[in-house]
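Each value in this text was obtained by applying a stated rule to the coordinates, not by laboratory testing. Only a predicted model underlies this, so the values are computations on that prediction, with no experimental measurement involved. In this analysis, Cβ positions are derived from the backbone assuming ideal geometry, glycine residues included, and neighbour counts consider all displayed protein chains.
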Amino acid sequence: MELENIVANTVYIKAREGGGGKRKGKSKKWKQILKFPHITGCMDIKNKISQSYHYIVEQQPIGRELFRMYCFRTPTLAKAISFLDMVR
């Protein structure tokens, strides 16, 4: 759930940023663009997407970065990530 919040916040911030002007990056339909579907419309997608380590951490770029940030908070895990970087 935290990953979904981070993604949603990033999309919202990017939509609000802009190249200046009166509208400051807001399109006329920015609220509709950023509106997520109702939770009942997302339940089947949740079941279709793999929630394995391999899919989230190794295949998804944002998952990889979030996992690395999490690991660098703990000295033992930070050493393991540094070792993995040297091996790769």
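For the chain, the membrane-span-like helices by this rule, meaning whole DSSP H stretches whose C-alpha atoms cover at least 20 Å of axis and whose Kyte-Doolittle mean is 0.0 or above, are 2-16; this says nothing about an actual membrane. Near residue 82, once Lys and Arg are set to +1 and Asp and Glu to -1 for all other residues with Cβ below 12 Å from its Cβ, the sum equals +2. Calculated mean residue ellipticity, 222 nm, the chain: -18500 deg cm²/dmol, from DSSP H runs (n ≥ 4) at -39500 (n - 2.57) each, averaged per residue and rounded to 500.
Our summary gives the chain a relative contact order of 11 percent, counting only alpha carbon pairs under 8 angstrom and 6 or more residues apart. Whole-percent P(r), the chain, all Cα pairs, 5 Å bins from 0: 3, 11, 14, 18, 14, 13, 11, 9, 6, 2, 0. For the chain, give the magnitude of the charge dipole about the Cα centre (Cβ charges: +1 Lys/Arg, -1 Asp/Glu; no others), in debye to the nearest 20. Its charge dipole is roughly 760 debye.
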